[in-house]
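J.: Please find one structure pasted underneath; my questions will follow.
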Amino acid sequence: MTPWRIMRIKCEGTQATALTETARPLLLVFPADAVGETLAGAFAAKTGAAVVGRIITARQEGADLIVTRSTHGGRLILALRVLPGLAVATANDLECEAALSLGQPDGLCVEREPLPSEGTSLDGADIVIGGGRGLDVEGFAQLERIASALNGAVSASLPAVDLGLAPVSRQVGQSGKFVNPKIYFAAGMSGTPQHFAGIGARARIVAVNTDRDAPIFSLAEAGAIADARILLPLIADALENMQAT
Ligand SMILES: Cc1cc2nc3c(=O)[nH]c(=O)nc-3n(C[C@H](O)[C@H](O)[C@H](O)COP(=O)(O)OP(=O)(O)OC[C@H]3O[C@@H](n4cnc5c(N)ncnc54)[C@H](O)[C@@H]3O)c2cc1C
């Protein structure tokens, strides 16, 4: 049985250190931030490596690697079995069993090109349009339309990021970004302290939620008990019509 090796990839400055060796089984761990996740995805697409996402722990079991990752806002922990080969993950604080070797690849450099703009930055945005687990891909597309009409920035809750509805760079909250807008529009979010820890006190909250008892309504100054799938397109249409006239 060949032991798994784990290598942490550093993404610093204008270069990312890349892999020079090909011996496997090998897990490459990129930083769990916007740059690291982008590079991990690009690397996996290029090499066909298995993608295991943002992980917390790794240990070897027989020939396989068992990694764990958090899901549903930390309520559940998934244990994933990775078959021997090449795999990529992201992590900040990774716990590994002692037998696994930690190393730094060296040599070859990866050229980095700036990614196309992701839309208005959350930093300094006066209007933030946020989406939570209650939305789907179409819901987030409507948030983009609303944000674009208001010159605002789109944010997301952790579960929405976990579901792949928004990049991690858009996550607001305790383990995400801090924003300090004048208006925070929250659609399909329940209103948890972990999310609202990332929103400045001056923000006036506007909420859309199907559940009249959702905690978000005790934080919001205005809100609609409504299905976001119906309401968001109507808001986006109205704003775009206002712009057109
Ligand atoms: C250590 C730690 C750190 C964390 N850090 C963060 C963080 O940084 N940011 C963060 O967001 N969370 C964080 N969390 C997770 C947090 O605890 C919550 O799980 C999360 O904020 C809930 O996100 P949500 O409101 O999108 O989802 P949910 O709580 O599941 O709420 C979804 C809401 O959508 C509503 N809904 C469903 N369908 C519709 C519809 N069609 N139209 C309108 N409304 C609908 C539901 O009624 C519900 O109220 C953290 C948790 C831990 C343990």
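The values are calculated or read from the model by the stated rules, or taken from the named source; none is laboratory data. The model shown is predicted, which means the values in this text are computed figures rather than measured ones. Virtual Cβ from ideal backbone geometry, glycine too; neighbours counted across all protein chains shown.
J.: Run down G164, G188 and say which single residue is modelled with pLDDT of 95 or more and either under 20 Å from N92 (Cα atoms) or surrounded by 22 or more Cβ atoms within 10 Å (Cβ to Cβ) (or both).
T.: Being modelled with pLDDT of 95 or more and either under 20 Å from N92 (Cα atoms) or surrounded by 22 or more Cβ atoms within 10 Å (Cβ to Cβ) (or both) holds for just one of G164, G188, which is G188.
J.: Condition first: more than 8 Å from the ligand (Cβ to nearest atom) and of a type outside the set (A, V, I, L, M, F, W, C). Now tell me which residues in region 178-207 satisfy that.
T.: N180, P181, K182, Y184, G200, R202, R204
J.: Shifting gears a bit: Applying the selection to region 180-191, what residues are over 16 Å from the mean Cα position of the chain (by Cα) and closer than 28 Å to Q243 by Cα?
T.: N180, P181, K182, I183, Y184, F185, A186, A187, G188
J.: Looking at S157, S175 in this structure, which one is under 30 Å from N92 (Cβ atoms), surrounded by fewer than 22 Cβ atoms within 10 Å (Cβ to Cβ) and within 8 Å of the ligand (Cβ to nearest atom)?
T.: S175
J.: Listed residues S155, S148, S169, S175; which is part of a helix (DSSP H, G or I) and under 15 Å from the mean Cα position of the chain (by Cα)?
T.: The unique qualifying residue is S169.
J.: Also, I was wondering about something else. Exactly one condition in (1) within 16 Å of the ligand (Cβ to nearest atom); (2) closer than 11 Å to L28 by Cα is not met by A89; state its number.
T.: (1)
J.: I would also like to ask the following. Name every residue in region 29-68 that is assigned to a strand (DSSP E or B), surrounded by fewer than 20 Cβ atoms within 10 Å (Cβ to Cβ) and aliphatic (A, V, I, L, M), in order of residue number.
T.: Scanning region 29-68 gives A50, V51, I66.
J.: Quick one: in region 218-228, of everything that is surrounded by fewer than 16 Cβ atoms within 10 Å (Cβ to Cβ) and more than 24 Å from R202 (Cα to Cα), which residue is farthest from the ligand (Cβ to nearest atom)?
T.: It comes out as A226.
J.: Here are some residues: A238, A156, A220. Which one is closer than 30 Å to A40 by Cβ and among the aliphatic types (A, V, I, L, M)?
T.: The unique qualifying residue is A156.
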